[in-house]
1. Out of every Cα-Cα pair in segment A:32-162, what percent are more than 26 Å apart?
2. Angle, helix A:77-99 long axis vs. longest principal axis of chain A, Cα atoms, 0 to 90°, nearest 10?
3. Go through A:Lys38/B:Lys42; B:Lys200/B:Lys314; A:Lys161/B:Lys294 and tell me which ones have a Cα-Cα distance over 30 Å in this structure.
4. So which aspartates and glutamates pass the test for A:Lys37, namely a Cα distance under 20 Å, with those fewer than 8 places away in the same chain ruled out?
5. Tell me the per residue accessible area of the protein assembly as shown using a 1.4 Å probe; a whole number in Å² is fine.
6. Please state the equivalent ellipsoid semi-axes for segment A:14-56: what are the square roots of 5 times the Cα gyration tensor eigenvalues, largest first, in whole Å?
7. Only Cα pairs under 8 Å and at least 6 apart count here; give the relative contact order of chain B as a rounded whole percent.
8. Taking each residue in A:162-170, count the Cβ atoms of any other chain within 10 Å of its Cβ, then average. What number comes out?
Amino acid sequence: MDKEFMKLFEIFIASALINNFVFTRFLGLCIFFGVTKKVETAVGMSITFTSVMMVSAALSWLVFNYIMVPLDLTFLKIVIFIGIIASFVQASDTIMRKISPGLYYKLGVYLALISTNCIILAVPLINAGDKYNFIEAITLGLGSGLGFALALIIMASIREKLELANVPRPFQGLPIAFVTTGLIALAFLGFSGIITQ
Amino acid sequence: MLRHRLNLKDGKIIRKIMEAGKENKLIVSVSPHIKSSESVDKIMWTVTATLLPTFVMGVYYFGPKAVIVTLLCIIGSLLSEYFVQKLAGKDISLKDGSAVLTGLLLGMNMPSTLPFYIPLLSSFVAVAITKQLFGGLGYNIFNPALMGRAFALITWPRAMTTWAEPIANFTGMDAKTTATPLGILKEQGLDKLLEVFGSKMHLYSELLLGHRAGSLGETSVIAILIGAAFLLLRGYITLRIPAAFLAAVAAGAWVFGGKQGIFTGDPLVHVLSGGLMLGAFYMATDYVTCPTTKKGQMLFGAGCGLLTILIRLKAGYPEGVMFSILIMNCFTPLIDRGFRTEVFGAKKKA
């Protein structure tokens, strides 16, 4: 039990900080730069993203282990995972619009962006590749989602501050955001080696 | 009728303002409207001056090479500042001392045994990319000197961790290389460290005087404290960040640093060694990159301390001061948002 819990903790910390998807693997950059102009949108995106990430990690795990492995279809995992995620996101989009229009109004915009996000696809692929069990797969989803949320919120707060900065004209907007991301990534290297697997 | 009178009055006011402007009595500026003889230039040059004891100790232990490395950093900083400002068509502000201070701090963070291009390129990263690209002094998100050093450490890991033995010679001969106290602590543990330094008291006194391997500025704790005391007395820095920083490191080292279980660590070794003193008093307190509110500053300091001890005890690097301050720099805008001061007279949101 204790050992299992330690492994879950390691997976969580590793995916949230040490192998943060944005700052060490540079995935999901389109959303990262797209929604980090304001902290409010970043927070909305973080909530939506983390929940979608956990559910899609769970769904893909079930399909992978109970359908694809027995049928020897693992070579199709990229196609199938994309299908699962896209249909899940579309379904939740429709259901949310019917059941809770208020929530849809707040978070619905982000759902459309998420369906083709690379982090959402990367997590099921890592789960399948590392042969995680069900709980570990969901933990990886949670850790990656919260790590992405952390990145989004930090970046949004910095970009709000940069709005007032006297950035040279060629670097205003997206370019300085890229430079900032590089520098944050450099700072986050300090976490490397905390968990050695 | 009313409008006519108002216009007449406005005209008079405008004329008065213009007259006052001619006599330089009227200064139009953004808030806060503080009248004082302090200026950015004065503060920068004072901070630079207070680093002199530390610099002298670095030169005493590491010889002429220390001077060369520091000079290269300062020259690189000044050149980068000049060229970027020239390219951007801004006023050249070499006189305000900020580039010299960044260069000096960067030099204090380097070992003495470097080839010439490392200080030059690092100071370019520090001044041109970390500071000027974000709009120059006052707009940078990260501490420039630390970012320059982080760049150097990642790019040339071996050169940046080759430490000369401190032998106080002025011949300029190549000294033996050795490990820093924190490096020994990380690789071989406290017992080995005590073996190298003799007794615990001897270890503390050597750390205080600075007779140890390390970056140029992380030698003598006493020299750094002399400079920092001056800054504190002048009110240029407050104790909030350094105190929270040191307290968090000491607490973390005491609780988690020991081999025999929790609450058996030795806080003094961690507090006195490495770049902690330089980082806590000179880097973390940088006006631009630390939070502006009192609570925010304490949170910032404590965060730096906890991250430092986490990296020192658990991560791949023996020293975590630089990374911890840079990581907390990322959070500074968020902390400022969280502890935003209430606008006087503003209505509270329901």
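1. 25 percent
2. Roughly 70 degrees, rounded to the nearest 10.
3. From A:Lys38/B:Lys42; B:Lys200/B:Lys314; A:Lys161/B:Lys294, over 30 Å: A:Lys38/B:Lys42.
4. A:Glu160, A:Glu163, B:Asp336
5. 50 Å²
6. Values: eigenvalues 60, 42, 16 Å².
Each semi-axis is √(5λ); the values are 17, 14, 9 Å.
7. 15 percent
8. Numbers: counts 5, 0, 2, 8, 9, 7, 11, 2, 3.
Mean inter-chain Cβ contacts per residue within 10 Å come to 5.
The values are calculated or read from the model by the stated rules, or taken from the named source; none is laboratory data. Because the structure is predicted, anything quoted here is derived from the model rather than measured. Note that we place each Cβ from the backbone using ideal geometry, even for glycine, and neighbour counts take in every protein chain shown. SASA here: full protein model, heavy atoms, side chains in, ligands and nucleic acids out. Shrake-Rupley method; radii C 1.70, N 1.55, O 1.52, S 1.80 Å.
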